[in-house]
Amino acid sequence: MLLRGDVAVVTGGASEHGIGRATAALFAEHGAHVAVLDIEGQGAQQAAESLGSEHRGYRCDVTKESEVEAVFSQVVKDLGLPSILFNNAGVTQPRRTAEITEADYDRVLDTNLRGTFLCSKAVLPYMRRLGRGSIICMSSVSAKRGGGIFGGPHYCAAKAGILGLARAMARELAPEGIRVNALAPGLIHTDITRGKMTAEQEADIVKSIPIGRIGEPIDVARACLFFASSLSEYITGEVMDVNGGMHID
Ligand SMILES: NC(=O)c1ccc[n+]([C@@H]2O[C@H](COP(=O)([O-])OP(=O)(O)OC[C@H]3O[C@@H](n4cnc5c(N)ncnc54)[C@H](O)[C@@H]3O)[C@@H](O)[C@H]2O)c1
């Protein structure tokens, strides 16, 4: 039980086979009371119900500051002050530069980068009241190696922006007892990737992964648990690769 007494907010936690949902479940298993936020409100509620009665689900579009602030205030009323925030909500698009419209750019940058910024800003007053906190931001291997398999340049830019944001927040907030770290997963089996590869493509990708398999949501959830818990209490501003050795830097 690494998170007994913690209230954890997980954004983008509705998706049944997603990283957010697997992480919410692992946090709950470790004793946290979890608030699942998602633009799919019903899915968020179902996800929370599946974890047990001490957890809550909320509809929230992380790109809208007023919605984000209102939801965080409701979470505090329902569950108490959050000590953990997992900025996981994100969308991707496998587009090439010339195909990216302004609307595509806005959607991808807003959901990933603006959402991470707005949720981090919204949780701060509550973590300050607690005098401690752990914020985990979701980047991607694509931010490091200049391209992923399913993300276009706008997605890479958003995920690289998240690394800069996380590092700057880490430096700023450490004196207040708030740590900020980031995860950079490689390819993970979720709804973002499901049905988008042929068996041959998948076999080719596996050949490029030294550990010899595509990642599962639980692989990322475990890394997130490490950052969320006191196991990492002397670590801030760090980026953890969760990629089976696909990219080593
Ligand atoms: N799957 C991978 O291979 C992989 C690799 C690296 C990073 N990531 C990142 O991991 C995170 C989770 O992805 P996943 O693979 O579990 O995908 P997913 O599609 O299963 O989950 C994403 C969730 O975010 C929610 N969401 C989308 N827009 C939102 C908004 N505006 N407000 C609130 N919620 C919103 C969706 O409804 C969904 O539940 C994303 O940030 C993604 O970029 C995924």
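Check Leu225, Leu173, Leu183, Leu163 and return the single one that is under 23 Å from Ala24 (Cβ atoms) and in contact with a strand residue (DSSP E or B) (Cβ under 7 Å, 6 or more places away or on another chain). Before the answer, list the steps.
Details: Leu225 fails: in contact with a strand residue (DSSP E or B) (Cβ under 7 Å, 6 or more places away or on another chain); Leu173 fails: under 23 Å from Ala24 (Cβ atoms); Leu163 fails: under 23 Å from Ala24 (Cβ atoms).
None of the others qualify; the one that does is Leu183.
Considering only segment 13-29, I want to know if a residue exists there that is closer than 22 Å to Ser142 by Cβ, open to solvent by less than 20 Å² (accessible area, probe 1.4 Å) and in a helix (DSSP H, G or I). Yes. Residues in segment 178-208 that are away from the ligand (no atom under 15 Å from the Cβ) and exposed (fewer than 13 other Cβ atoms within 10 Å of the Cβ): Thr198, Ala199, Glu200, Ala203, Asp204, Lys207. Checking each residue in segment 78-121 for being in contact with a strand residue (DSSP E or B) (Cβ under 9 Å, 6 or more places away or on another chain), closer than 20 Å to Thr193 by Cα and either aliphatic (A, V, I, L, M) or at pLDDT below 95 (or both) picks out only Ala89. The number of residues in segment 65-85 that are of a type in the set (D, E, K, R) and free of Cβ contacts under 8 Å to residues at least 24 places away in the same chain comes to 2.
Hey, could you check segment 76-102 for residues that are away from the ligand (no atom under 14 Å from the Cβ) and aliphatic (A, V, I, L, M) and say which is nearest to Ala157 (Cα to Cα)? Steps first, please.
Looking only at segment 76-102, we keep the residues that are away from the ligand (no atom under 14 Å from the Cβ), and these are 76-84, 95-102.
Of the ones still in play, those that are also aliphatic (A, V, I, L, M) are 76, 79, 81, 84, 98, 100.
On the way: Val76: 33, Leu79: 35, Leu81: 32, Ile84: 25, Ala98: 15, Ile100: 13 Å.
Restricting to residues being away from the ligand (no atom under 14 Å from the Cβ) and aliphatic (A, V, I, L, M), the top hit is Ile100.
Take the residues of segment 209-241 that are within 14 Å of the ligand (Cβ to nearest atom) and in a loop (DSSP other than H, G, I, E, B): which is surrounded by the fewest Cβ atoms within 10 Å (Cβ to Cβ)?
Our first condition is that a residue be within 14 Å of the ligand (Cβ to nearest atom); within segment 209-241, this holds for 209, 213-221, 223-224, 239-241.
Okay, now just the ones that are also in a loop (DSSP other than H, G, I, E, B), so 209, 213-214, 216.
Numbers: Ile209: 17, Arg213: 12, Ile214: 19, Glu216: 15.
Of everything passing the filter in segment 209-241, Arg213 is surrounded by the fewest Cβ atoms within 10 Å (Cβ to Cβ).
For segment 32-52, taking the residues that are open to solvent by less than 10 Å² (accessible area, probe 1.4 Å) and in a helix (DSSP H, G or I), the one that is farthest from the ligand (Cβ to nearest atom) is identified as Ala48. Mind listing whichever residues of segment 124-145 are within 15 Å of the ligand (Cβ to nearest atom) and part of a helix (DSSP H, G or I)? If the condition is that a residue be within 15 Å of the ligand (Cβ to nearest atom) and part of a helix (DSSP H, G or I), then Val141, Ser142, Ala143, Lys144, Arg145 are the ones that fit.
Suppose the filter is within 23 Å of Gly131 (Cα to Cα) and either in a strand (DSSP E or B) or away from the ligand (no atom under 13 Å from the Cβ) (or both); does Pro175 pass it? Let's see the steps before the verdict.
On the way: within 23 Å of Gly131 (Cα to Cα): yes; either in a strand (DSSP E or B) or away from the ligand (no atom under 13 Å from the Cβ) (or both): yes.
Yes; evaluated as a whole, the condition is true for this residue.
Within segment 149-159, the set of residues being assigned to a loop (DSSP other than H, G, I, E, B) and open to solvent by 30 Å² or more (accessible area, probe 1.4 Å) comprises Ile149 only.
Name the residues in segment 8-31 that are under 19 Å from Ser73 (Cα atoms) and without any contact (Cβ under 8 Å) to a residue 12 or more places away in the chain, would you?
Taking segment 8-31 as the starting set, the residues that turn out to be under 19 Å from Ser73 (Cα atoms) are 8-13.
Matches in segment 8-31: none.
The values are calculated or read from the model by the stated rules, or taken from the named source; none is laboratory data. Computed from a prediction, not measured in an experiment: that's the story for all the values here. Positions of Cβ are generated from backbone atoms using ideal geometry, with glycine treated the same way; all protein chains shown enter the neighbour counts. Heads up: the accessible areas ignore ligands, DNA and RNA and are worked out on the full protein's heavy atoms, side chains in. Shrake-Rupley method; radii C 1.70, N 1.55, O 1.52, S 1.80 Å.
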